Amino acid sequence: MPAGGGEPERIARRGNDPQFDASGERVYFRTGGGLSKKLMSVGVDGRDEREVFDLKYVNFVEISPDGEWVAFTELYNAYVAPMPRTGRSVTLNKDTKAIPVTRVSRDIGSYLHWSADSSTLHWMVGREYFSRDLSDSFAFLPGAPGTLPQPASLRGIDIAPTLESDRPAEVFAFTGARVVTMRDAENTREVIEGGTVVVRGNRIAAVGADGSVSIPDGARVIDASGKTIIPGLVDSHAHAAHFGSGVVPQQNWAYYANLAFGVTTLHDPSATSEFVFSQAELVRAGEMVGPRVFSTGTILYGADGDFKVEINGIDDARAHLRRMQSHGAFSVKSYNQPRRDQRQQINQAARELGMLVVEEGGSTFFHNVSMIIDGVTGVEHNLPVAPLHRDVIELWRQTRVGNVPTLVVSYGGLSGEYWFYARDEVFEEERLQRFFPRETLDQRAIRREIAPDWDYHHIEVAKAKKDLRDAGVRIMTGGHGQMQGLALHWEIWMLTQGGFSNWEALRAATIDGADYIRLDHEFGSIEDGKRADLVVLDGNPLEDIRDTASTAMVMVDGRLFDVAGDMAEVGGRGRGAPEFYWQRHRDGQAFGLQFGPTGPCHCPKSGVPHRH
C-alpha cells in the first residue's frame, strides 16, 4: 500500500515478517514453519516470486537496509553474513560454507535489528540492549581491529524503566462468612464459621471470628453471610493465551475467564517469553486486569525443532537459564531433553542461579523416575502408568519433588476433560459465554464424545495421586488451558473422584500450589500479612466440591471484582465490565466463523449463531 494511503494490494498468499529490499521494489517474506521454512522475495506488483534462502533451524532473518548483509538467529544465537547475489536459493545456517558467517552474540534474546546505516546490529536480552558493529565481526572490513572481540565480551545497556506496582488504597471488610483459611499445620482444617476478613491495600490485615476483629473506620463492608471465603486459586499448569507475538491486547479474555472462576495466580510452564512476561508486567503495573502471572517462558525443548535447546555441557545449561532469567523467569521447563545428563545439567545450573525446574512428564515412565531421583521441582502431567506400586511411592516420598497431574489431559487413557464435556452442558455456562469467543466455546463443547464410566483413565490416575499424597508427596492442580478457568475446577473435582477429601483437593489448588512455586509465604492461605487473594463463593465446597465454581466475587491483590456484575471492579479504579476485540467483530459473537453466502441467523431465544 502506498505510504500516503490507498488501497492495499495482495502480493503473496502466504508468509509473514515482510520487509522491503534496499530498492523498495521487492519484498522479502518468510514462509513455512518448523524445520521447513523459506525466505522468499516478490515484486511490489506481486510478480516474479523467488526463493532466496532455504531455512531449517534459522527462525528469524533480517536483511540490512542497504541490502548488503543478512542477520539471522539460529538456536538462540545471532549471526551475520554478506548477502549472497547468486540468483538462486542458498541454504542459510551458521555452518554454511557458501558465505562467510560470524556469530555476534553470546546469548540472543529478542528483537534483532539493524541500525539505519547498516553498520551495527542491535538486540535485546531481557532488559539489556546490545550492539555490535560489523567491523567487529569481519576482519576484512575497513576499520576492523587486529583481533576481533569475542561475543562474550559484549556488555549491554540496561534500558528497563522502573514502574510502580499496582497497589489499591482501599480497606475492605468481609463479614459473616464461612472462612476456609488453609493456614496452620498440614493436616489441620481451620474453618471459621461467621468470620471476618479485613483487607488493607493489597494485604490481608486481619482474619478471625465476627466480633474478634475490629473493622477500621471507612472500610467498605461486604456482607458475606451464608457464603464461603477461600484463598484465591492457584493454577500451577496454566496456558492462558500466552503464545503470540506483536501487540498485546489491552484486555485478555482468558485472564477475565480465569478470574471469573476464582483463579488468582497462574504459573504457565510453556509460553512465548516476550508475550507472557510483557503481560505479567502489565498486570503487575495495573495496566491489565488479570490473575498474578508467572511463567517459565519458552520451554527448554530437547527434541528436534527450530527452537530446540542444545545442552552438551554445564556451560550450555547456564547460558540458557541465564537467558531465561533475564526475561523474568524464576522457573524453567525442561522439556524432552533426551539424555539424563542434559537434564542434570539444567538442574545444576538452576541450583546455581536460584531457579526452579519443572519437567515435562512426556508419557515416559523411566524418564519420570530419573527426574524424581535427580530432584527437580516437579513433574508436569501424570506418570503414564496407574496404579503406582510401593517402589515408586516409597522412592517419591523421600524427595520434595511435586506433581501437577493435569488430569484434564492425562496420559495412559481417556482424559478427564471428556468426562465433563459428556456430562455437563459446558457450552451453556454463563461465564464461558461471556468471556470466551463464542465459536471457540461451541466448537469444543457442543459435539461431545462419550464413554462408559469405567473407560475414563483419569479416575485411576487420581487414585494414584491420592496414594502419593498420603505418602507426603505434594499434588497440585493445573487446568492446562483446556477451558479457561473452569478446567481448574474440573481438576479439583477429579481429585475427589480419586479419593481426595474436599479439603485435600482445595489445598492442592491453594496453599500447595503456592508452595510448589515457593511463594506460599505470599499467598495461598488467608492469614495476616499475605496478599489479598480471596474468592467469595455462594456455596460450601467442603460439603459439595462443585461449589468451588460458585464464585460470587473474586479479589486479586486487593482488587475486588463482582462476578455476577460482569466482572466490573468494586471500588478501586472503578473499571467497568470489559469489552473484547472479538466482540466488535460482526455481531459480537462470531470470531472468524464462516457461514457461507446466506450468513448466520440469530434467534432471540438462543442468541447462538446457527442456520435454519
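Residue count for the range 207-230 under the criterion of being within 35 Å of the chain's Cα centre (by Cα) and of a type in the set (S, T, N, Q): the result is 1. For the range 442-456, the set of residues classified as closer than 11 Å to LEU414 by Cβ and either surrounded by 11 or more Cβ atoms within 10 Å (Cβ to Cβ) or outside the structural domain of GLU428 (by TED's automatic domain parsing) (or both) consists of ALA451, ASP455, TYR456, listed by residue number.
Residues of the range 326-344 that are in a helix (DSSP H, G or I) and either at pLDDT below 95 or farther than 16 Å from THR377 by Cβ (or both): SER326, HIS327, ARG340, ASP341, GLN342. Evaluating PRO216 against the criteria (1) surrounded by fewer than 16 Cβ atoms within 10 Å (Cβ to Cβ); (2) in contact with a Ser or Thr (Cβ under 7 Å, 6 or more places away or on another chain) leaves one unmet condition, (2). Here THR496 clears all of (1) under 19 Å from GLU380 (Cβ atoms); (2) hydroxyl-bearing (Ser, Thr, Tyr); (3) over 23 Å from the mean Cα position of the chain (by Cα) except the condition numbered (1). Among the residues of the range 444-499, write down those that are among the polar types (S, T, N, Q) and farther than 19 Å from ALA514 by Cα. Of everything in the range 444-499, those that are among the polar types (S, T, N, Q) and farther than 19 Å from ALA514 by Cα turn out to be GLN482, GLN484, THR496, GLN497. For GLU310, indicate whether it is in the same structural domain as SER278 (by TED's automatic domain parsing), assigned to a loop (DSSP other than H, G, I, E, B), over 22 Å from ASP470 (Cα atoms) and not aromatic (Phe, Trp, Tyr). In short, yes.
Taking the conditions (1) closer than 30 Å to GLY472 by Cβ; (2) assigned to a strand (DSSP E or B); (3) not hydrophobic (A, V, I, L, M, F, W, C) in turn, GLY194 satisfies each one other than (1). Just one residue in the set VAL369, VAL379, VAL332, VAL385 is among the hydrophobic types (A, V, I, L, M, F, W, C) and closer than 19 Å to SER273 by Cβ; that residue is VAL332. Of the residues GLY416, GLY362, the single one that is at positive phi and surrounded by 15 or more Cβ atoms within 10 Å (Cβ to Cβ) is GLY362. Scanning the range 351-397 for residues that are farther than 17 Å from PRO269 by Cα, in contact with a helix residue (DSSP H, G or I) (Cβ under 8 Å, 6 or more places away or on another chain) and of a type in the set (D, E, K, R) yields a total of 3.
MET483 fulfils the conditions (1) touching a Phe, Trp or Tyr at 6+ places or on another chain (Cβ under 8 Å); (2) in a loop (DSSP other than H, G, I, E, B); (3) surrounded by fewer than 19 Cβ atoms within 10 Å (Cβ to Cβ) except for a single criterion, (3).
For the range 109-148, a residue qualifies if it is crowded, with 20+ Cβ neighbours inside 10 Å, of a type in the set (Gly, Ala, Ser) and within 30 Å of SER278 (Cα to Cα), and the qualifying residues are GLY109, GLY126.
Only residues that are farther than 21 Å from PRO269 by Cα, among the hydroxyl-bearing types (Ser, Thr, Tyr) and touching a Pro at 6+ places or on another chain (Cβ under 9 Å): list them for the range 495-551, please. Matches in the range 495-551: SER525, THR548, SER550. Residues that are surrounded by fewer than 16 Cβ atoms within 10 Å (Cβ to Cβ) and either among the aromatic types (Phe, Trp, Tyr) or farther than 22 Å from LEU356 by Cβ (or both): does the range 397-411 have at least one? Within the range 397-411, not a single residue is surrounded by fewer than 16 Cβ atoms within 10 Å (Cβ to Cβ) and either among the aromatic types (Phe, Trp, Tyr) or farther than 22 Å from LEU356 by Cβ (or both).
Could you pull out the residue among ARG469, ARG507 that is of a type in the set (D, E, K, R) and touching an Asp or Glu at 6+ places or on another chain (Cβ under 8 Å)? On inspection, the qualifying residue turns out to be ARG469. Identify, please: which residue in the range 421-438 is touching a Phe, Trp or Tyr at 6+ places or on another chain (Cβ under 7 Å) and part of a helix (DSSP H, G or I) and is, among those, modelled with the lowest pLDDT? If we take residues in the range 421-438 being touching a Phe, Trp or Tyr at 6+ places or on another chain (Cβ under 7 Å) and part of a helix (DSSP H, G or I), then PHE435 is modelled with the lowest pLDDT. Against the condition assigned by TED's automatic domain parsing to the domain that holds MET371, on the phi < 0 side of the Ramachandran plot, crowded, with 21+ Cβ neighbours inside 10 Å and over 20 Å from the mean Cα position of the chain (by Cα), how does ALA319 come out, does it pass? Answer is no for this residue. The single condition among (1) part of a helix (DSSP H, G or I); (2) within 27 Å of the chain's Cα centre (by Cα); (3) farther than 25 Å from VAL293 by Cβ that GLU460 does not meet is (2). Might you let me know whether the range 307-315 holds any residue that is within 30 Å of GLN342 (Cα to Cα), modelled with pLDDT of 95 or more and under 11 Å from the mean Cα position of the chain (by Cα)? No. Residue pairs whose Cβ atoms lie under 6 Å apart, separated by 6 or more positions or on different chains, with the first residue in the range 225-243 and assigned by TED's automatic domain parsing to the domain that holds THR377 and more than 19 Å from HIS489 (Cα to Cα) and the second surrounded by fewer than 24 Cβ atoms within 10 Å (Cβ to Cβ) and modelled with pLDDT under 95, are HIS242/PHE275; PHE243/THR272.
Scan the range 300-314 and tell me whether some residue there is closer than 19 Å to ARG518 by Cβ and of a type in the set (Lys, Arg). No; the residues of the range 300-314 include none that is closer than 19 Å to ARG518 by Cβ and of a type in the set (Lys, Arg). Taking each residue of the range 340-362 that is touching a residue at least 60 places away in the same chain (Cβ under 8 Å) and looking for partners that are assigned to a helix (DSSP H, G or I) with beta-carbon atoms closer than 8 Å, six or more apart or interchain, yields LEU356/ALA350. Of the residues examined, VAL52 is not one that is over 26 Å from THR120 (Cα atoms) and crowded, with 18+ Cβ neighbours inside 10 Å.
Per this entry, THR496 is counted among residues that are among the hydroxyl-bearing types (Ser, Thr, Tyr) and farther than 25 Å from ARG292 by Cα. Across the range 68-122, the number of residues qualifying as farther than 21 Å from ASP21 by Cβ and of a type in the set (Lys, Arg) comes to 4.
The values are calculated or read from the model by the stated rules, or taken from the named source; none is laboratory data. All values derive from a computational prediction rather than experimental measurement. Using ideal geometry, Cβ is built from the backbone for each residue, glycine included, and neighbour counts are taken over all protein chains shown.
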